[in-house]
Amino acid sequence: MAVADGQREVVLVGRHDADCFPPYVYTTSDLRGEPGHTYRLTVDCTDGTHAEATATIPEPAPIDSFAVEPVAHADSLRRVYAFVGGRRDSCFYKLFTHVLGKPYGYMSAYLGIAEGRMLPADGKMPVNPGRLNIDSDFTPCFEAGDTVMVKLASITEEAYRFWRDFEDMTTLSRNPLFPVTNNLHSNIDGGLGYWFGYGACFATLTVGP
């Protein structure tokens with residue numbers, strides 16, 4: 001497994017990572033992604049299977065500020081919103097969140113995708129916790145006092161289609177009347193999954209009382 005940026009190619013090395021499931025990742029310290037650059041992934045297996053994909057990292061968008069709002073009839077719960085800055089008309093966004101002290105690292109924020117042209121003029125976007133499919137009592141709110149790490153990623157339209165499919169699967173997979181039967185959108189030639197670049201902006205907030 002290797003990644004090339006048009007000038008050089010580096011081999012990815014597998015290692016254990018408890019923040020992921022399954023807890024194993026392939027990575028490298030010899031190459032760092034940069035906005036505007038395109039990267040090609042190639043995978044060759046011992047059985048002769050070959051897969052490849054390319055991805056471009058968009059320019060990141062800033063988080064201008066956050067808003068925290070109380071939840072009616074739930075004294076300890078709060079809703080969080082981010083205000084996305086920069087030009088948004090032709091952009092797509094994906095949110096990831098991590099609550100300090102909780103297992104796993106950044107998780108896909110529940111319903112955390114948006115088309116820039118659909119955001120309000122102030123760029124207000126809801127920020128929700130990540131949801132595991134085994135969660136039976138999930139609520140799209142944070143607890144007062146939580147320290148929340150937020151990753152706002154600018155993504156391509158292709159990545160947006162994948163994450164939109166993912167949200168449909170997460171939302172509908174428990175519904176026997178509207179089951180999800182299609183594979184998620186993929187940009188891998190010769191395999192399933194995705195290879196995308198994220199133009200990421202990071203911020204941390206403590207959810208107030």
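The values are calculated or read from the model by the stated rules, or taken from the named source; none is laboratory data. Computed from a prediction, not measured in an experiment: that's the story for all the values here. All Cβ positions, even for glycine, are placed from backbone atoms using ideal geometry, and neighbour counts span all protein chains on display. Heads up: the accessible areas ignore ligands, DNA and RNA and are worked out on the full protein's heavy atoms, side chains in. Shrake-Rupley method; radii C 1.70, N 1.55, O 1.52, S 1.80 Å.
Backbone phi angles across region 72-81, fed through the Karplus curve with coefficients 6.51, -1.76 and 1.60 (θ = phi - 60°), yield HN-Hα couplings of 4, 6, 9, 4, 9, 9, 9, 9, 10, 10 Hz in residue order; Gly and Pro are listed as x. Our compactness index for region 40-138, the C-alpha radius of gyration over the empirical 2.2 N^0.38 Å, is 1.42.
Working from label points 7 Å from Cα in the Cα-to-Cβ sense, the residue 90 to residue 111 distance is 3.0 nm. Below 8 Å, C-alpha to C-alpha, sequence gap of six or more: please give me the relative contact order for the chain in percent. Relative contact order here is 22 percent. In nm, to one decimal, how far is the residue 204 label point from the residue 11 one, both placed 7 Å along Cα→Cβ? That separation, rounded to one decimal, is 3.6 nm. With a 1.4 Å probe rolled over the protein heavy atoms of all chains, the accessible area of 163, 195 falls in the order 195, 163, largest first. Note on region 21-64: with neighbouring protein chains present and a 1.4 Å probe, carbon and sulfur make up 51 percent of its accessible heavy-atom surface. Fully extending the segment from residue 183 to residue 169 would add 4.1 nm, taking 0.36 nm per residue of separation and subtracting the current Cα-Cα distance. What is the distance in Å between the Cα centroid of region 92-124 and that of region 12-49? Rounded to whole Å, the Cα centres lie 23 Å apart.
Note on the chain: helix-only mean residue ellipticity at 222 nm, from DSSP H runs of 4+ residues weighted -39500 (n - 2.57) and normalised by residue number, equals -2500 deg cm²/dmol. Per residue, the solvent-accessible area of the chain (1.4 Å probe, heavy atoms of protein chains only, all protein chains present) comes to 58 Å². Sorted largest first, the spans of the alpha carbon positions of the chain along the three principal axes are 59, 41, 32 Å. If R0 is 22 Å, the Cβ-Cβ spacing of residue 47 and residue 1 corresponds to a FRET efficiency of close to 0.90. The amide H of residue 146, built 1.01 Å from its N in the peptide plane, has 207 as neighbours under 5 Å, considering only residues 5 or more places off or on other chains.
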